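Presented below is the structure to which this report refers.
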Amino acid sequence: MNSPLAGRHIVLGICGGIAAYKSVTLLRLFVKAGAEVQVVITPAGKEFITPVTLSALSRKPVVSEFFTANTGEWHSHVDLGLWADCMVIAPATASTLGKMAHGIADNMLVTTYLSAKSPVFIAPAMDLDMMAHPSTQSNLDLLRGFGNHIIEPENGFLASGLVGKGRMEEPENILKVVESYFAKRQTLSGKKVLITAGPTYERIDPVRFIGNFSSGKMGFALAEECATRGADVTVVCGPVSLSLHHPNITRIDVESASEMLEACRREFDDTDIAIMCAAVADYAPAEKSDSKIKREQCELPVIRLVKNPDIAATLGRVKRVGQRVVGFALETDNEIENAREKLVRKNLDMIVLNTANGKDTGFGTDTNSVTIFKADGTAPIVTGLKSKADIAADIVDVLI
Ligand code: C5P
(Lines give C-alpha, C1' and ligand atoms only; values in the text may rest on other atoms or scores of the structure.)
Protein backbone atom coordinates (compact mmCIF):
# COMPACT_ATOMS: atom_id res chain seq x y z
CA MET A 1 0.00 0.00 0.00
CA ASN A 2 1.16 3.51 -0.81
CA SER A 3 2.24 5.60 2.17
CA PRO A 4 0.20 8.79 2.58
CA LEU A 5 3.59 10.50 2.48
CA ALA A 6 4.24 9.48 -1.12
CA GLY A 7 5.01 12.60 -3.16
CA ARG A 8 4.85 14.91 -0.10
CA HIS A 9 7.46 17.58 0.53
CA ILE A 10 8.97 17.28 3.99
CA VAL A 11 11.38 19.75 5.55
CA LEU A 12 13.36 17.83 8.16
CA GLY A 13 14.86 20.19 10.73
CA ILE A 14 17.76 18.82 12.76
CA CYS A 15 19.15 20.52 15.87
CA GLY A 16 22.36 19.98 17.82
CA GLY A 17 21.64 17.08 20.14
CA ILE A 18 22.93 13.53 20.53
CA ALA A 19 19.61 12.24 19.17
CA ALA A 20 20.56 13.73 15.77
CA TYR A 21 22.00 10.30 14.92
CA LYS A 22 18.39 9.00 14.89
CA SER A 23 17.46 11.66 12.30
CA VAL A 24 19.41 9.69 9.70
CA THR A 25 17.03 6.76 10.18
CA LEU A 26 14.05 9.12 10.13
CA LEU A 27 15.25 10.66 6.87
CA ARG A 28 15.69 7.18 5.41
CA LEU A 29 12.13 6.22 6.47
CA PHE A 30 10.63 9.38 4.91
CA VAL A 31 12.48 8.74 1.65
CA LYS A 32 11.39 5.08 1.65
CA ALA A 33 7.78 6.24 2.13
CA GLY A 34 8.13 8.18 -1.13
CA ALA A 35 8.50 11.69 0.32
CA GLU A 36 10.83 14.34 -1.02
CA VAL A 37 12.92 15.54 1.92
CA GLN A 38 14.88 18.74 2.36
CA VAL A 39 17.13 18.77 5.41
CA VAL A 40 17.68 22.04 7.29
CA ILE A 41 20.25 21.72 10.04
CA THR A 42 21.29 24.20 12.73
CA PRO A 43 24.99 25.11 12.99
CA ALA A 44 25.19 23.03 16.20
CA GLY A 45 23.47 20.12 14.45
CA LYS A 46 26.44 19.82 12.09
CA GLU A 47 28.66 19.05 15.08
CA PHE A 48 26.63 15.88 15.66
CA ILE A 49 25.92 14.62 12.17
CA THR A 50 27.61 15.34 8.90
CA PRO A 51 25.72 17.08 6.07
CA VAL A 52 27.36 14.67 3.59
CA THR A 53 25.41 11.70 5.00
CA LEU A 54 22.21 13.71 5.01
CA SER A 55 22.55 15.08 1.49
CA ALA A 56 23.47 11.63 0.13
CA LEU A 57 20.34 10.12 1.67
CA SER A 58 18.00 12.98 0.76
CA ARG A 59 19.63 13.50 -2.64
CA LYS A 60 19.55 17.24 -2.00
CA PRO A 61 22.17 19.63 -0.63
CA VAL A 62 21.62 20.22 3.06
CA VAL A 63 20.70 23.79 3.97
CA SER A 64 22.16 25.39 7.06
CA GLU A 65 23.30 28.94 6.39
CA PHE A 66 21.38 31.87 4.93
CA PHE A 67 23.80 31.89 1.97
CA THR A 68 26.71 29.85 0.62
CA ALA A 69 29.89 31.62 1.71
CA ASN A 70 32.01 31.22 -1.45
CA THR A 71 29.30 31.94 -4.06
CA GLY A 72 27.03 34.29 -2.10
CA GLU A 73 24.03 32.20 -3.19
CA TRP A 74 21.09 33.05 -0.94
CA HIS A 75 18.92 30.24 0.43
CA SER A 76 15.33 31.32 0.65
CA HIS A 77 13.68 30.15 3.85
CA VAL A 78 10.46 31.67 2.50
CA ASP A 79 10.50 29.42 -0.58
CA LEU A 80 11.38 26.45 1.59
CA GLY A 81 8.57 27.19 4.04
CA LEU A 82 6.07 27.40 1.19
CA TRP A 83 7.44 24.27 -0.51
CA ALA A 84 6.85 22.16 2.62
CA ASP A 85 3.74 19.99 2.98
CA CYS A 86 4.99 19.52 6.51
CA MET A 87 7.97 20.32 8.65
CA VAL A 88 9.39 17.82 11.14
CA ILE A 89 11.91 19.07 13.69
CA ALA A 90 13.69 16.08 15.20
CA PRO A 91 15.52 16.38 17.46
CA ALA A 92 14.30 19.73 18.76
CA THR A 93 16.62 21.05 21.45
CA ALA A 94 15.62 23.30 24.35
CA SER A 95 17.35 26.21 22.66
CA THR A 96 15.53 25.77 19.35
CA LEU A 97 12.18 25.30 21.14
CA GLY A 98 12.81 28.62 22.90
CA LYS A 99 13.70 30.36 19.64
CA MET A 100 10.65 28.93 17.87
CA ALA A 101 8.34 29.90 20.72
CA HIS A 102 9.60 33.49 20.77
CA GLY A 103 10.44 34.12 17.12
CA ILE A 104 14.22 34.43 17.57
CA ALA A 105 15.05 33.86 13.94
CA ASP A 106 18.84 33.68 13.96
CA ASN A 107 19.26 30.55 11.87
CA MET A 108 17.88 28.91 8.77
CA LEU A 109 15.84 26.34 10.71
CA VAL A 110 13.92 28.90 12.76
CA THR A 111 13.34 31.26 9.79
CA THR A 112 12.01 28.30 7.77
CA TYR A 113 9.73 27.37 10.67
CA LEU A 114 8.40 30.94 10.82
CA SER A 115 7.78 30.94 7.05
CA ALA A 116 6.12 27.50 6.93
CA LYS A 117 2.37 27.44 6.38
CA SER A 118 2.23 23.67 6.70
CA PRO A 119 1.71 21.53 9.80
CA VAL A 120 4.80 21.31 12.00
CA PHE A 121 5.78 18.27 14.07
CA ILE A 122 8.26 18.77 16.88
CA ALA A 123 10.11 15.88 18.55
CA PRO A 124 12.02 17.28 21.54
CA ALA A 125 15.09 15.53 22.90
CA MET A 126 17.12 16.62 25.90
CA ASP A 127 18.20 15.69 29.38
CA LEU A 128 15.36 15.01 31.83
CA ASP A 129 15.94 18.13 33.96
CA MET A 130 16.05 20.39 30.92
CA MET A 131 12.86 18.77 29.67
CA ALA A 132 11.10 19.19 33.03
CA HIS A 133 12.24 22.82 33.47
CA PRO A 134 9.30 25.25 33.58
CA SER A 135 10.96 27.29 30.84
CA THR A 136 11.00 24.31 28.42
CA GLN A 137 7.48 23.30 29.42
CA SER A 138 6.14 26.80 28.94
CA ASN A 139 7.82 27.02 25.50
CA LEU A 140 6.19 23.69 24.59
CA ASP A 141 2.81 25.01 25.76
CA LEU A 142 3.27 28.10 23.61
CA LEU A 143 4.24 25.99 20.59
CA ARG A 144 1.24 23.70 21.15
CA GLY A 145 -0.97 26.77 21.38
CA PHE A 146 0.33 27.91 17.97
CA GLY A 147 -1.07 24.66 16.54
CA ASN A 148 2.20 22.69 16.30
CA HIS A 149 2.16 18.95 16.94
CA ILE A 150 4.44 17.96 19.79
CA ILE A 151 5.70 14.38 19.66
CA GLU A 152 6.41 13.81 23.33
CA PRO A 153 9.81 12.33 24.25
CA GLU A 154 9.97 8.91 25.85
CA ASN A 155 11.21 7.79 29.23
CA GLY A 156 14.46 5.89 29.13
CA PHE A 157 18.26 5.99 29.13
CA LEU A 158 19.65 9.39 28.27
CA ALA A 159 23.07 10.30 26.87
CA SER A 160 23.89 11.92 30.24
CA GLY A 161 23.71 8.50 31.88
CA LEU A 162 20.53 9.50 33.71
CA VAL A 163 17.21 7.80 33.19
CA GLY A 164 14.03 9.82 32.61
CA LYS A 165 11.80 11.62 30.13
CA GLY A 166 13.80 13.20 27.35
CA ARG A 167 14.66 10.51 24.79
CA MET A 168 13.54 11.51 21.32
CA GLU A 169 10.67 9.33 20.13
CA GLU A 170 11.91 6.48 17.91
CA PRO A 171 12.04 7.35 14.17
CA GLU A 172 9.54 4.56 13.34
CA ASN A 173 7.00 6.15 15.69
CA ILE A 174 7.63 9.67 14.38
CA LEU A 175 6.98 8.28 10.88
CA LYS A 176 3.72 6.75 12.14
CA VAL A 177 2.54 10.06 13.66
CA VAL A 178 3.22 11.98 10.44
CA GLU A 179 1.75 9.23 8.24
CA SER A 180 -1.43 9.00 10.28
CA TYR A 181 -1.80 12.79 10.15
CA PHE A 182 -1.75 12.69 6.33
CA ALA A 183 -3.91 9.55 6.13
CA LYS A 184 -6.52 11.31 8.27
CA ARG A 185 -6.23 14.47 6.23
CA GLN A 186 -7.34 12.70 3.11
CA THR A 187 -10.68 11.64 4.61
CA LEU A 188 -12.41 15.03 4.31
CA SER A 189 -10.30 16.66 1.64
CA GLY A 190 -12.36 18.70 -0.82
CA LYS A 191 -15.30 18.92 1.62
CA LYS A 192 -16.70 22.15 2.99
CA VAL A 193 -17.83 21.93 6.62
CA LEU A 194 -19.90 24.53 8.45
CA ILE A 195 -19.89 24.45 12.25
CA THR A 196 -21.84 26.54 14.74
CA ALA A 197 -20.27 26.85 18.18
CA GLY A 198 -20.61 28.55 21.53
CA PRO A 199 -23.60 30.37 23.03
CA THR A 200 -25.67 33.17 21.57
CA TYR A 201 -26.29 36.39 23.46
CA GLU A 202 -29.69 38.00 23.10
CA ARG A 203 -29.56 41.66 24.06
CA ILE A 204 -31.94 43.11 26.60
CA ASP A 205 -30.28 46.54 26.64
CA PRO A 206 -26.75 47.78 25.77
CA VAL A 207 -25.22 46.08 28.82
CA ARG A 208 -27.38 43.00 29.48
CA PHE A 209 -28.22 39.84 27.63
CA ILE A 210 -29.82 36.41 27.87
CA GLY A 211 -27.18 33.73 27.29
CA ASN A 212 -25.89 30.40 28.54
CA PHE A 213 -22.69 28.79 29.81
CA SER A 214 -21.57 27.19 26.53
CA SER A 215 -17.80 27.65 26.09
CA GLY A 216 -17.54 26.64 22.43
CA LYS A 217 -14.94 23.94 23.26
CA MET A 218 -16.82 21.06 21.58
CA GLY A 219 -17.51 23.04 18.39
CA PHE A 220 -13.92 24.26 18.21
CA ALA A 221 -12.59 20.71 18.73
CA LEU A 222 -14.81 19.59 15.83
CA ALA A 223 -13.50 22.43 13.66
CA GLU A 224 -9.86 21.49 14.33
CA GLU A 225 -10.62 17.81 13.69
CA CYS A 226 -12.40 18.44 10.37
CA ALA A 227 -9.64 20.82 9.23
CA THR A 228 -6.98 18.28 10.17
CA ARG A 229 -8.78 15.79 7.96
CA GLY A 230 -8.51 18.12 5.01
CA ALA A 231 -11.85 19.93 5.09
CA ASP A 232 -12.33 23.59 4.40
CA VAL A 233 -14.05 24.68 7.63
CA THR A 234 -16.15 27.72 8.50
CA VAL A 235 -17.00 28.25 12.15
CA VAL A 236 -19.87 30.57 12.98
CA CYS A 237 -19.50 31.24 16.68
CA GLY A 238 -21.21 33.20 19.37
CA PRO A 239 -19.20 35.08 22.02
CA VAL A 240 -16.39 32.74 23.16
CA SER A 241 -12.90 33.33 24.50
CA LEU A 242 -11.19 30.52 22.57
CA SER A 243 -9.01 30.68 19.49
CA LEU A 244 -8.76 28.46 16.42
CA HIS A 245 -5.41 27.37 15.03
CA HIS A 246 -5.70 25.45 11.79
CA PRO A 247 -5.10 27.59 8.69
CA ASN A 248 -8.07 25.99 6.87
CA ILE A 249 -10.58 27.38 9.35
CA THR A 250 -12.48 30.60 8.69
CA ARG A 251 -14.11 32.14 11.72
CA ILE A 252 -17.25 34.27 11.61
CA ASP A 253 -18.12 35.90 14.94
CA VAL A 254 -21.76 36.64 15.67
CA GLU A 255 -23.71 37.58 18.77
CA SER A 256 -27.35 36.57 18.48
CA ALA A 257 -29.29 33.62 17.06
CA SER A 258 -30.60 35.68 14.16
CA GLU A 259 -27.07 36.79 13.24
CA MET A 260 -25.97 33.14 13.46
CA LEU A 261 -28.80 32.05 11.18
CA GLU A 262 -28.00 34.79 8.67
CA ALA A 263 -24.31 33.74 8.54
CA CYS A 264 -25.26 30.04 8.22
CA ARG A 265 -27.71 30.74 5.38
CA ARG A 266 -24.95 32.61 3.50
CA GLU A 267 -22.52 29.72 3.93
CA PHE A 268 -24.83 26.72 3.57
CA ASP A 269 -25.26 26.65 -0.19
CA ASP A 270 -21.80 25.21 -0.92
CA THR A 271 -21.52 23.33 2.38
CA ASP A 272 -21.25 19.53 2.34
CA ILE A 273 -21.61 18.97 6.09
CA ALA A 274 -23.18 21.32 8.64
CA ILE A 275 -22.54 20.55 12.32
CA MET A 276 -24.84 22.50 14.60
CA CYS A 277 -22.97 22.50 17.87
CA ALA A 278 -23.95 25.94 19.17
CA ALA A 279 -26.11 26.33 22.25
CA VAL A 280 -28.50 28.73 20.59
CA ALA A 281 -30.76 30.67 22.96
CA ASP A 282 -34.32 29.53 22.45
CA TYR A 283 -35.79 32.96 23.14
CA ALA A 284 -34.82 36.59 22.65
CA PRO A 285 -36.30 39.72 24.22
CA ALA A 286 -39.10 41.04 21.98
CA GLU A 287 -37.90 44.62 22.49
CA LYS A 288 -34.31 45.71 22.97
CA SER A 289 -33.88 48.90 24.93
CA ASP A 290 -31.45 51.37 23.30
CA SER A 291 -30.44 52.71 26.70
CA LYS A 292 -29.67 50.91 29.92
CA ILE A 293 -32.82 49.97 31.81
CA LYS A 294 -32.63 51.83 35.14
CA ARG A 295 -33.81 50.39 38.39
CA GLU A 296 -35.60 53.65 39.18
CA GLN A 297 -37.57 53.42 35.92
CA CYS A 298 -39.56 50.43 36.99
CA GLU A 299 -39.54 48.31 40.15
CA LEU A 300 -39.94 44.91 38.40
CA PRO A 301 -39.48 45.11 34.63
CA VAL A 302 -41.14 42.44 32.52
CA ILE A 303 -39.09 41.10 29.61
CA ARG A 304 -41.38 39.74 26.94
CA LEU A 305 -39.71 36.98 24.93
CA VAL A 306 -40.09 35.82 21.36
CA LYS A 307 -38.94 32.50 19.90
CA ASN A 308 -35.58 32.45 18.13
CA PRO A 309 -35.20 30.84 14.71
CA ASP A 310 -34.14 27.19 14.81
CA ILE A 311 -30.98 27.18 12.70
CA ALA A 312 -30.56 23.38 12.57
CA ALA A 313 -34.19 22.87 11.55
CA THR A 314 -33.94 25.63 8.93
CA LEU A 315 -30.88 24.02 7.32
CA GLY A 316 -32.48 20.56 7.68
CA ARG A 317 -35.48 21.83 5.73
CA VAL A 318 -33.54 23.34 2.85
CA LYS A 319 -30.73 20.77 2.53
CA ARG A 320 -30.16 19.24 -0.89
CA VAL A 321 -29.39 15.61 -1.71
CA GLY A 322 -25.85 14.91 -0.54
CA GLN A 323 -25.76 17.67 2.08
CA ARG A 324 -25.56 16.43 5.67
CA VAL A 325 -26.80 18.21 8.78
CA VAL A 326 -25.69 17.09 12.23
CA GLY A 327 -27.33 18.35 15.42
CA PHE A 328 -26.54 18.19 19.12
CA ALA A 329 -28.93 17.58 21.98
CA LEU A 330 -28.47 18.38 25.64
CA GLU A 331 -31.26 16.85 27.67
CA THR A 332 -31.96 16.36 31.34
CA ASP A 333 -35.03 14.09 31.02
CA ASN A 334 -36.06 11.37 28.56
CA GLU A 335 -32.72 11.91 26.86
CA ILE A 336 -32.94 9.20 24.21
CA GLU A 337 -36.57 9.81 23.15
CA ASN A 338 -36.00 13.56 22.97
CA ALA A 339 -32.83 13.17 20.92
CA ARG A 340 -34.52 10.78 18.47
CA GLU A 341 -37.53 13.11 18.18
CA LYS A 342 -35.22 16.05 17.34
CA LEU A 343 -33.37 13.98 14.75
CA VAL A 344 -36.65 13.45 12.88
CA ARG A 345 -38.30 16.84 13.48
CA LYS A 346 -35.23 18.84 12.37
CA ASN A 347 -34.59 16.50 9.41
CA LEU A 348 -31.04 15.81 10.61
CA ASP A 349 -28.73 13.03 9.43
CA MET A 350 -27.19 12.52 12.82
CA ILE A 351 -27.65 13.79 16.36
CA VAL A 352 -25.11 13.81 19.16
CA LEU A 353 -26.64 13.45 22.60
CA ASN A 354 -24.57 15.03 25.36
CA THR A 355 -24.68 13.57 28.82
CA ALA A 356 -25.90 16.52 30.86
CA ASN A 357 -25.71 15.03 34.30
CA GLY A 358 -22.00 14.33 34.82
CA LYS A 359 -19.54 16.84 36.30
CA ASP A 360 -17.03 16.06 33.51
CA THR A 361 -19.48 16.55 30.65
CA GLY A 362 -21.37 19.37 28.99
CA PHE A 363 -20.75 23.13 29.12
CA GLY A 364 -17.23 24.41 29.80
CA THR A 365 -15.54 21.08 30.56
CA ASP A 366 -12.57 19.68 28.59
CA THR A 367 -14.15 16.24 28.49
CA ASN A 368 -17.47 14.92 27.27
CA SER A 369 -19.41 11.69 26.88
CA VAL A 370 -21.92 11.36 24.05
CA THR A 371 -24.25 8.96 22.26
CA ILE A 372 -24.50 9.31 18.50
CA PHE A 373 -27.78 8.50 16.70
CA LYS A 374 -27.96 8.22 12.94
CA ALA A 375 -31.03 8.82 10.78
CA ASP A 376 -30.54 5.43 9.11
CA GLY A 377 -31.67 3.79 12.36
CA THR A 378 -28.46 1.81 12.94
CA ALA A 379 -27.44 1.15 16.53
CA PRO A 380 -26.37 4.27 18.45
CA ILE A 381 -22.67 4.69 19.26
CA VAL A 382 -21.71 5.38 22.87
CA THR A 383 -18.30 7.05 23.23
CA GLY A 384 -17.72 7.00 26.99
CA LEU A 385 -15.86 9.81 28.79
CA LYS A 386 -13.05 11.30 26.66
CA SER A 387 -11.41 14.62 25.84
CA LYS A 388 -13.50 16.84 23.58
CA ALA A 389 -10.80 16.40 20.90
CA ASP A 390 -11.24 12.59 21.01
CA ILE A 391 -15.04 12.93 21.01
CA ALA A 392 -14.71 15.18 17.94
CA ALA A 393 -12.65 12.44 16.22
CA ASP A 394 -15.32 9.83 17.08
CA ILE A 395 -18.10 12.05 15.70
CA VAL A 396 -16.21 12.64 12.46
CA ASP A 397 -15.44 8.90 12.16
CA VAL A 398 -19.18 8.12 12.37
CA LEU A 399 -19.96 10.92 9.93
CA ILE A 400 -17.52 9.58 7.36
O1 C5P B 1 -34.10 22.03 20.17
P2 C5P B 1 -32.76 22.01 20.81
O3 C5P B 1 -32.25 23.37 21.15
O4 C5P B 1 -32.62 21.08 21.95
O5 C5P B 1 -31.85 21.39 19.65
C6 C5P B 1 -30.47 21.31 19.75
C7 C5P B 1 -29.85 21.35 18.37
O8 C5P B 1 -30.47 22.33 17.55
C9 C5P B 1 -28.42 21.72 18.40
O10 C5P B 1 -27.79 21.12 17.29
C11 C5P B 1 -28.44 23.23 18.25
O12 C5P B 1 -27.22 23.75 17.73
C13 C5P B 1 -29.59 23.40 17.28
N14 C5P B 1 -30.36 24.64 17.46
C15 C5P B 1 -30.34 25.61 16.49
N16 C5P B 1 -31.09 26.73 16.61
C17 C5P B 1 -31.84 26.92 17.69
C18 C5P B 1 -31.90 25.95 18.71
C19 C5P B 1 -31.12 24.84 18.58
O20 C5P B 1 -29.62 25.43 15.50
N21 C5P B 1 -32.56 28.01 17.80
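Summary of computed values
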quantity	calculated
Other-chain or far-sequence residues with amide H under 5 Å of GLY216's (modelled H)	GLY198, GLY364
Computed FRET value (nearest 0.05) for ASN70 with ALA356, which takes r as the C-beta separation and R₀ as 56 Å	0.20
Computed accessible area, GLU73, all protein chains, 1.4 angstrom probe, square angstrom	110 Å²
Convex hull per residue volume in Å³, alpha carbons only, for the range 255-400	152 Å³
Under the Debye formula (equal points on every Cα, no solvent term), log10 I(q)/I(0) of the range 134-255 at q = 0.12, 0.19 Å⁻¹	-0.64, -1.06
Area accessible to solvent at LEU330, 1.4 Å probe radius, in Å²	80 Å²
Cα-centred dipole magnitude for the range 1-121, charges only on beta-carbon of K, R (+1) and D, E (-1), debye, nearest 20	380 debye
THR355 - accessible surface, heavy atoms, 1.4 Å probe, Å² rounded to 10	50 Å²
Pairwise FRET efficiency - ARG203 versus SER180, Cβ, R0 = 41 Å, nearest 0.05	0.35
Cα centroid of the range 209-238 to Cα centroid of the range 68-85, whole Å	37 Å
Average projected area [Cα convex hull, the range 25-160], square nanometres	8.7 nm²
Rel. contact order, % - alpha carbon contacts under 8 angstrom, at least six apart, the chain	11 percent
Distance from the range 249-295 to the range 1-35 (C-alpha centre basis), Å	46 Å
The range 156-235: antiparallel DSSP beta bridges as a percent of all, rounded to 5	55 percent
Added length on full extension, which subtracts the Cα-Cα distance from 0.36 nm per residue, ASP141 to ASP269	42.3 nm
Reachable aspartates and glutamates, given that their alpha-carbon falls under 19 Å from the alpha-carbon of LYS359 and they are not under 8 places away in the same chain	GLU331, ASP333, GLU335, ASP390
Length gained when the stretch ILE104-THR250 is fully extended (0.36 nm per residue, less Cα-Cα span)	49.7 nm
Net charge, SER3 excluded, C-beta distance under 11 Å - Lys, Arg +1, Asp, Glu -1	+2
Phi-based couplings in Hz for the range 115-122 (Karplus 6.51, -1.76, 1.60; Gly and Pro marked x)	8, 6, 9, 8, x, 10, 10, 10
Largest-first principal axis extents of the Cα set of the range 83-130 (Å)	35, 20, 14
Calculated from backbone phi, Karplus (6.51, -1.76, 1.60) coupling profile of the range 365-380 in Hz, x at Gly/Pro	7, 8, 10, 7, 8, 10, 10, 10, 10, 10, 5, 6, x, 5, 4, x
Phi to ³J(HN,Hα) by Karplus 6.51 cos²θ - 1.76 cosθ + 1.60 over the range 42-55, Hz, x for Gly, Pro	6, x, 5, x, 5, 6, 9, 8, 7, x, 4, 4, 5, 6
Computed helical MRE - 222 nm, the chain, DSSP H runs ≥ 4 contributing -39500 (n - 2.57), nearest 500	-9500 deg cm²/dmol
DSSP beta bridge pairing in the chain, given as percent antiparallel to the nearest 5	30 percent
Sites ASN338 and ILE381 - FRET efficiency at Förster radius 25 Å, r taken between beta-carbons, to 0.05	0.90
Pairs of Cα atoms farther than 15 Å apart, the range 316-393, %	55 percent
Net charge, MET126 excluded, C-beta distance under 15 Å - Lys, Arg +1, Asp, Glu -1	-1
Per-bin percent of Cα-Cα distances, the chain [20 Å]	24, 45, 26, 5, 0
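The values are calculated or read from the model by the stated rules, or taken from the named source; none is laboratory data. Everything numeric in this text was worked out from a predicted model, so none of it was measured. So basically every Cβ, Gly included, is an ideal-geometry build from the backbone, and we count neighbours across all protein chains shown. Ligands, DNA and RNA are stripped out before the accessible areas are found, and what is left, the full protein with its side chains, is counted by its heavy atoms. Shrake-Rupley method; radii C 1.70, N 1.55, O 1.52, S 1.80 Å.
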